[in-house]
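Structure first, commentary second.
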Amino acid sequence: MARKRNIPAACVLGLPVLTVGVFVLGGCQRSLFSDTADRTPFDRYDRIQNQYAVPFVYDEYGTRVPNLRARLLPRD
């Protein structure tokens, strides 16, 4: 007769908690790209041509919103 192994409850519950904890703590690191770094070659080209538009602005409530209007305007 095969003997059934009992896995301790701490291992069964601890492994998922540990896995989630690793991913949550990994998200608390600094961002990979800085806010001032060029994201695309187009951003770099706009900076060289002195036509760069900031990617985000703050609205009247202080909320950071994408600066779509300035970035999508036709360039001179």
7 Å from Cα along Cα→Cβ at both K4 and T40: what's the point-to-point distance in nm?
5.9
Rg/Rh of the chain (Cα atoms, Kirkwood Rh), to two decimals, equals 1.40
Between helix 9-26 and the chain: long-axis angle, C-alpha atoms, 0 to 90°, nearest 10:
10
Cβ-based charge dipole, the chain, positive-most Cα from L15, T36, N67:
L15
At most 15 other Cβ atoms within 10 Å and a DSSP loop assignment: could you name the trypsin sites (Lys or Arg not before Pro) in the range 7-49 that fit?
R30, R39
Connecting C-alpha atoms closer than 10 Å in a GNM of the chain, tell me which of V12, V22, V65 has the biggest fluctuation.
V12
Please list, in order along the range 54-65, the HN-Hα scalar couplings obtained from phi with the Karplus expression 6.51 cos²θ - 1.76 cosθ + 1.60 (θ = phi - 60°), rounded to whole Hz, x for Gly and Pro.
4, x, 10, 10, 10, 7, 5, 9, x, 8, 7, 10
With n ≥ 4 as the cut-off for DSSP H runs, can you work out [θ] at 222 nm for the chain, using -39500 (n - 2.57) per run divided by the number of residues, rounded to the nearest 500?
-12000 deg cm²/dmol
Relative to the present Cα-Cα distance, how much length would full extension add between R64 and I48 at 0.36 nm per residue of separation?
3.2 nm
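Values quoted throughout were computed directly from the atomic coordinates according to the rules given, and no laboratory measurement underlies them. Owing to the predicted nature of the structure, the values given are computational and were not obtained by experimental measurement. Reconstructed Cβ throughout: ideal geometry from the backbone, glycine too, with neighbour counts over all protein chains shown.
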